[in-house]
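Values quoted throughout were computed directly from the atomic coordinates according to the rules given, and no laboratory measurement underlies them. These numbers were taken from a predicted model, which means no experiment stands behind them. Here the Cβ is made from the backbone with ideal geometry for all residues, glycine too, and neighbour counts use every protein chain on show.
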Amino acid sequence: MLAWTIYLSFAGALLEALLPKGKAGVARWLALCVAVLGLFCAVGGFVQGMGQGRSVIVDVPWVPSMGIHYLLAADGISRVLVLLTGLAAVAGILFSWNVEHRTNEFFAFYLALIGGVYGVFLSFDFFLLFVFYEIAIVPKYFLIAIWGSTRREYGAMKLALYSFVGSAMVLIGLLAAYSTSGSHSTSLIALAHAGLPVSFQMWCFPLVFIGFAILAGMWPFHTWAPTGHVAAPTAASMLLAGVVMKLGAYGCLRVGIGLFPHGLDPWGWSFLGLGSWRDVFALLALIGIIYGALVALAQTDFKFVIGYSSVSHMGFVLLGLMTLNQIGLAGAVLQMFSHGVIAGLLFAIVGRLVYDRTHTRQFAELESMHLARRLPFAAWAFVIAGMASMGLPGFSGFVAELQVLIGAWIARPWWTVTAGIGIVIGVAYTWRALQRAFFADRLPTPEEHPKTGWPDLGAITWPEMTGVALLTLTSLAVGLYPRILLDTIEPAVKALLAGGGQ
Amino acid sequence: MNYADLFRITLPETVLEIAALFALIVDLGLVRKAALQMRVAVAALVGVIGCGVAIWSLSMQPTIGLSYGAGSKLILLGVGGYITAAQIGILLLTGVTLLLFTGSVFTRHAGEYVAVVLMSAAGGLLIAAAQDLLVIFIGLELLSLGLYILTAFAKSSAKSAESAMKYYLFGGTSAAFLLFGFSYLYGITGSTNLHEILLQLHQGELYQATPLLNVAVVLIIAGLGFKVAAVPFHLWAPDTYEGAPAPAAAFIASVSKVASFALLIGIATTAVHVFDAPGPSPTEQGAHPGFGGPWMVLLVTLATASMVLGNLAALAQISVRRLLAYSAIAHAGYMLIAVAFFSYSPLSSNAILYYILTYGLTTIGAFGVISVVERATGSDRFDAFLGLHKRNPLLAGVLLVLFLSLAGIPPLVGFWAKFNLFAAVLNLSAGVVPFTLVALAVAMSAVSLYYYLQVLKRAYVMPAVDETPIKAHPVTLVVLVTIAAAVVVLGCVPALLQNWIAGF
């Protein structure tokens, strides 16, 4: 059932591409139908898979001479992330209901991207995983370059090149692993059991991990994220933050840690207190958390605040991965889900609800617009999303970050202390953005004051309300009853930790 | 050697020559009075049929190669294995370039054009099979002379004449180098047969004894490096690609490359057969062929320089043809890695062949798109591609597929070719040097995405200046769409072509 998510998305993309131009309405509804069907498949697969371990969906030889299989499978981690992708896809389409320019092409690229993302989460053959991973690069480029805003061509090219460089590193690492293992199989499960030499894992692990972590927004390779997010159209920034960054984190977990568990072993010597790759990457994750939060605090562009907050929140995911204990890893996966939903919501509010109406994202200009009164729905949606983003209890972010922090405490207590500072700054920048964008109530200067009264900003439309409701309720549901996801995530994490990887 | 055997083994070449003459007769005789469009179509059709018959005639070849005489075991012209696969590839790609010629108007001499193409292709077939220095040289000259003429075929274009002159001067010099190198080899060993030469070098340990051999290898690499456009023998490529008429440029970029790499595979195969006689494990044996020394060092240098310079120089281009020329240099660099670390296992030759055949097909398609755009806008600058998705969505789609394949984005065939090639190198030769080279190649292909996207950005992202639709000749359009479809299908089912190549 889960495999249909991939096929549906690609078929939808193909149909959209073949659709005659000028039929924007048809294109929208078609895209929405495809995405909703995909979500149903994802939910169906999730429910079916409750209480099960890893299940193989399809396994047919693809390139027999090289031992490459078309191997789709799902464990708890995959199921949760496929569910996230389904939600993000539907929400993204709801928030791009106002795309009028080359609508069918927009949704063709959009669905192709979604199909690639589903594929990555379901592949258990590294080769297949890589293929899907790269399929996702090209649509991202076009989505941003054609439909984006601020410095879109720069942002799009930067994102495409960062992704491609990251995937080149991954490819080198995978080629090396394939030839070193000599197992004549590219299945992740077989490779994890191939017994790669520890010395090999020691240098191959960082290569693959960094390759994926570039897309996860790890400091100092995060610079594509803010520019890319800001340049992207609303739906694309929702997808970028919501699922594409998760591709990177998922690759770090599934391929990096899964294939090269000994790459995290201590080196046997230490440099500046760093004794293993685990320490190095945890340090980078912590820098990302603090740095992203501090930079978000200083932004004058509303969307940049959210862009940098993504860097900060993804730092928690990477920190969770580096804890290497069950609670920390489960927290990391939950944080992927949670950040996917919350960041999607924040980007939707900034990009669709506010920017598409006010045509500015500068706090200095928004301050005088009295948005809290003129767009109360947007304001209150942002209050809720902001609370979720800060990690208030009751929302998914709280449970996820709490688990990561507990896991970090078990591993190294000072990690928790440092990450805690990041959370405090997180409250500050969210509060600042909320206050300046919606509740500033600064009186407009005479030049700013429109002569003919304030222009009508337009009512909030039903797709926007549905989208906000969908994402908010998801975050609340997971926050109030986290077992709904944790019951699925935990066995998979346990298996991953116990099985020397897979 | 008797002439019946010679005839049987050179049947495909003979068929091509007959078809060439037939194209001349038909064009100058039967349809002399017809409209140019008609004459071009008829001549191209004759050529395509000639290629088809030649492919069929490959199956009539004897199963063992042609030897020098009754008592001799040495082979003059080989058959089977990678040779047949390469020959079929050459013929197919020739047919495709002839089909692209159908829509062209750059010359009134349709029959002559087709005849020269077919004769060049015959040269290509010859060098793919040749095992003797003299045959190699004759084949190369037959191929090259045709290419010089084809480059100059747009008589009304000064660029075409200029680039042909450059190509000819470079080509003549490099042919002289090659022949000079061959003469040294003959002087050292007293034979013109590749196998015999290598055997002598191996048994007599001559390759360690005489510095003359190093000179010979350097000269030969210079000559062959010119054919595959490897840095530093690449200078002709950008000019020729820019000046030649599009179908001729497509022929140079594909068929000539396939033939040249088939020759390199032939030399390397003979070398590993002599120096690395089957041992217990081909992996260990193949890692350091005895012939290694200068040959391998030179190839590694060429490969590195080509990858780096080709990709970096491509970044600065504003003409799509020159961009393709530099990207061709870079692609040659990738393949040279596999030639340098050639191994006894057939995987090596299969991977190179897979790469060059798919690359040839893709690049023909790219030139096809360029020719259509050029005809409509009069330029091959990046700006000529502005708004292509509006002016001809199908053509823009083809360009998207082909360029992404060249950049190595899965699931297109270019990605599999790269993966196949690099995996073969790493699996067959362990060591730091091959790994570093492969890592460099992968890194460099990340660079390549930038310049391919520059063209696609013009086609899809930037606003059109002129929105009048571009019309393509129906045959051209069908061929281009078929090529794009093949790139996608072969990419989704990579085993198809792999098994086909391995089946010979």
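With the cut-off at 1.5 for a/c, could you classify the stretch A:76-120 from its C-alpha gyration tensor as rounded, prolate or oblate? Oblate shape, in that a/c is at least 1.5 and b/c is the bigger or equal ratio. Approximating the spin labels as points 7 Å out from Cα along Cα→Cβ, the A:ALA495-to-A:TYR154 distance works out to 4.7 nm.
To the nearest 10 degrees, how steeply does helix B:393-407 sit against the main Cα axis of chain B, on a 0 to 90 scale? Relative to chain B, helix B:393-407 is tipped by roughly 20 degrees. Taking each residue as 0.36 nm, the span from A:GLN52 to A:VAL417 lengthens on full extension beyond its C-alpha to C-alpha distance by 127.8 nm. The distance linking the stretch A:97-154 with the stretch B:13-92 is 46 Å (Cα centroid to Cα centroid, whole angstrom). Net charge in the neighbourhood of A:GLU464 (other residues with Cβ under 11 Å of its Cβ; Lys, Arg +1, Asp, Glu -1) is +1. When the alpha carbon gyration tensor of the protein assembly as shown is reduced to an equivalent ellipsoid, the three semi-axes, largest first, read 55, 34, 23 Å.
Applying 1/(1 + (r/R0)^6) with R0 = 60 Å to the Cβ-Cβ distance of B:LEU30 and B:ILE64, what FRET efficiency is obtained, to the nearest 0.05? My answer for the efficiency is 0.90. Other residues whose C-beta falls under 14 angstrom from the C-beta of B:LYS33 contribute a net charge of +2, scoring Lys and Arg +1 and Asp and Glu -1. Counted by Cβ distance under 10 Å from A:ASP75, the other residues give a net charge of +3, where Lys and Arg count +1 and Asp and Glu count -1.
For the stretch B:84-176, what does the alpha-carbon gyration tensor say about shape, rounded, prolate or oblate, given a ≥ b ≥ c as the root eigenvalues, a/c under 1.5 as rounded, and a/b over b/c as prolate? Oblate is the answer for the stretch B:84-176, as a/c is 1.5 or above yet b/c matches or exceeds a/b. What you get for the protein assembly as shown, charging only the Cβ of Lys and Arg (+1) and of Asp and Glu (-1), is a dipole of about 1640 debye around the Cα centre.
The value obtained for the stretch B:422-504, namely the Cα convex hull volume divided by the number of residues, is 142 Å³ per residue.
Given a Förster radius of 22 Å and the C-beta distance between B:THR210 and B:PHE180 as r, what FRET efficiency does 1/(1 + (r/R0)^6) yield to the nearest 0.05? Don't jump to the answer; show the numbers that get you there.
Numbers: r = 16 Å, r/R0 = 0.73.
So the FRET efficiency works out to roughly 0.85.
Sites count as exposed loop sites when they are GluC sites (Glu not before Pro), lie in a DSSP loop, and have at most 11 other Cβ atoms within 10 angstrom; the longest stretch of chain A without one is A:101-446. Spin-label model, B:LEU134/A:VAL424: points 7 Å from Cα along the beta carbon direction are separated by 9.0 nm. Annotation for B:LYS73 and B:GLN37: the two label points, set 7 Å from Cα along the Cα-Cβ direction, are 6.2 nm apart.
Legend: residue pairs B:LYS227/B:LYS418; B:LYS73/B:LYS257; B:LYS155/B:LYS418, Cα-Cα distance threshold 32 Å; pairs beyond threshold, B:LYS155/B:LYS418.
Of all complete DSSP H helices in chain A, those with a Cα span along the helix axis of 20 Å or greater and a mean Kyte-Doolittle hydropathy of 1.6 or more are A:24-48, A:76-95, A:198-215, A:277-297.
Against the main long axis of the alpha-carbon atoms of chain B, helix B:432-460 sits at an angle near 10°. Computed log10 I(q)/I(0) for the stretch A:91-248 at 0.13, 0.16 Å⁻¹: -0.61, -0.85, from the Debye equation with unit scatterers placed on every C-alpha and solvent omitted.
Helix B:292-315 axis versus longest C-alpha principal axis of chain B: approximately 20°, rounded to the nearest ten. Dividing the convex hull volume of the alpha-carbon atoms in chain A by its residue count gives 130 Å³ per residue. Sparse packing (at most 15 other Cβ atoms within 10 Å of the Cβ) combined with a DSSP loop state is found for the following trypsin sites (Lys or Arg not before Pro) in the stretch B:123-210: B:LYS155. If you plug the beta carbon distance of A:MET1 and B:THR14 into 1/(1 + (r/R0)^6) with R0 = 51 Å, you get a FRET efficiency near 0.30.
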